[in-house]
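The values are calculated or read from the model by the stated rules, or taken from the named source; none is laboratory data. All values derive from a computational prediction rather than experimental measurement. Here the Cβ is made from the backbone with ideal geometry for all residues, glycine too, and neighbour counts use every protein chain on show.
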Amino acid sequence: MAGETTKKPEGFMREKLYVLPDYWIRELEKEDLTSSLYITDIGYFPSAQYHFRERPEGAPAHIFIFCAAGEGWVELQQDERMTLREGDMIIIPPGTPHRYGAAAANPWSIYWFHFKGEHAAQLVSLFGLSAAQLALPPSGIARFTEWFQPAYELLAERTYSLTSHVHVAQTARQLLSGIGLNTMKSAQEKKRENYLEQAIQYMNQHMDTSIKLTELARHVGLSQQHLIHLFNLETGVPPIEYFLRLKIQRAGQLLDLTELSIKEISAAVGINDPYYFSRLFKKMSGFSPSRYRSIPKG
């Protein structure tokens, strides 16, 4: 590429690298199912010592870089240098002068891909991913690494398959939007989610008992009023109502998957009175336990 500077000896051990031929780019630009978003280059550089790229005029595509290990740096528009460490990512917009490289002492291992398309800039902008250094949470890292290998193999091994390009484009769109949704959450939203997850986990661990609101609030570390507000906000029902719904959901699974009696299932979800259990199950599901069990499913 004209105007691009590269400093890299002879490749990196175990590297992966795929570049889409120019004539295929022109085909994907015209194809309805890929013109909105498609990948032109994709790769993985492990322990990329001396890795360096400089593009004074920028690149024609968005560049996604994810640092899986080690450390590196990125400079955009000759601005202040950003350090990328394990778990960090950045998307460099097209036409943006930039340079980036591996740290000398602990060179990064990076996954990367270039993507273009009519919706590329709008997608990146909508989810706040443009030119921003972001730290991916564990779920985001898992989502990305699970996506990368199948995507790379499809493009590298089935270069001339339109269906492969369509599939990778669709999954790339999901990947980017998923990362964006997660990183757009405020610290307060993530804190609320954490409290909610703790409460629901506690409920699931005590499915065969009854729990009180005071007990649940104490476990999570919130006041009862705050916990009620959180559940109403996130689930639409207060905590104990949510717990009952979990019990009925579990009871439905036991009715479908086991030969346990109604009385045994009632006890398994912490409701000692099977008659009360049957009334509650019908109220929440619309069917009595025995009728629900008789309905074919799947």
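Assorted remarks:
- So GLY128, is it touching a residue at least 40 places away in the same chain (Cβ under 8 Å) and more than 19 Å from ASP22 (Cα to Cα): yes
- Going through (1) in a strand (DSSP E or B); (2) hydroxyl-bearing (Ser, Thr, Tyr); (3) closer than 23 Å to SER177 by Cα one by one, TYR100 falls short only on (3).
- Test result for GLY117, at pLDDT 90 or above, surrounded by fewer than 21 Cβ atoms within 10 Å (Cβ to Cβ) and among the small types (Gly, Ala, Ser): no
- Matching residues in the stretch 277-288 - criterion: being part of a helix (DSSP H, G or I) and either aliphatic (A, V, I, L, M) or more than 37 Å from the chain's Cα centre (by Cα) (or both): PHE277, SER278, ARG279, LEU280, MET284
- Test result for LEU134, of a type in the set (A, V, I, L, M, F, W, C), touching a residue at least 24 places away in the same chain (Cβ under 8 Å), surrounded by fewer than 15 Cβ atoms within 10 Å (Cβ to Cβ) and over 27 Å from PRO21 (Cα atoms): no
- Only one of ILE262, ILE200 that is touching a residue at least 12 places away in the same chain (Cβ under 8 Å), more than 29 Å from SER139 (Cα to Cα) and aliphatic (A, V, I, L, M): ILE262
- Taking the criterion of being over 15 Å from GLU146 (Cα atoms), more than 11 Å from the chain's Cα centre (by Cα) and among the β-branched types (Val, Ile, Thr), the residues of the stretch 158-183 that qualify are THR159, THR163, VAL166.
- Qualifying residue in the stretch 226-241 (condition: of a type outside the set (A, V, I, L, M) and closer than 13 Å to ASP208 by Cα): no
- Test for TRP112: is it within 30 Å of LEU162 (Cβ to Cβ), among the aromatic types (Phe, Trp, Tyr) and at pLDDT 95 or above: yes
- Against the numbered list (1) among the polar types (S, T, N, Q); (2) surrounded by fewer than 16 Cβ atoms within 10 Å (Cβ to Cβ); (3) under 26 Å from GLN170 (Cα atoms), ASN106 comes up short only at (3).
- Residue count for the stretch 203-250, restricted to those that are in a loop (DSSP other than H, G, I, E, B) and under 21 Å from VAL269 (Cβ atoms): 9
- Among the residues of the stretch 154-169, those identified as free of Cβ contacts under 8 Å to residues at least 12 places away in the same chain and loosely packed, with under 14 Cβ neighbours inside 10 Å are GLU157, SER161, THR163.
- Some residue of the stretch 44-51 being touching a Gly at 6+ places or on another chain (Cβ under 6 Å), crowded, with 21+ Cβ neighbours inside 10 Å and not in a strand (DSSP E or B): yes
- Only one entry of LEU280, LEU255 meets the criterion of being at negative phi, touching a Phe, Trp or Tyr at 6+ places or on another chain (Cβ under 8 Å) and of a type outside the set (Asp, Glu), and that entry is LEU255.
- Those residues of the stretch 264-276 which are surrounded by 14 or more Cβ atoms within 10 Å (Cβ to Cβ) and in a helix (DSSP H, G or I), in sequence order: ILE265, SER266, ALA267, ALA268, PRO274
- Residues of the stretch 103-130 that are of a type in the set (S, T, N, Q) and not in a helix (DSSP H, G or I): ASN106, SER109, SER130.
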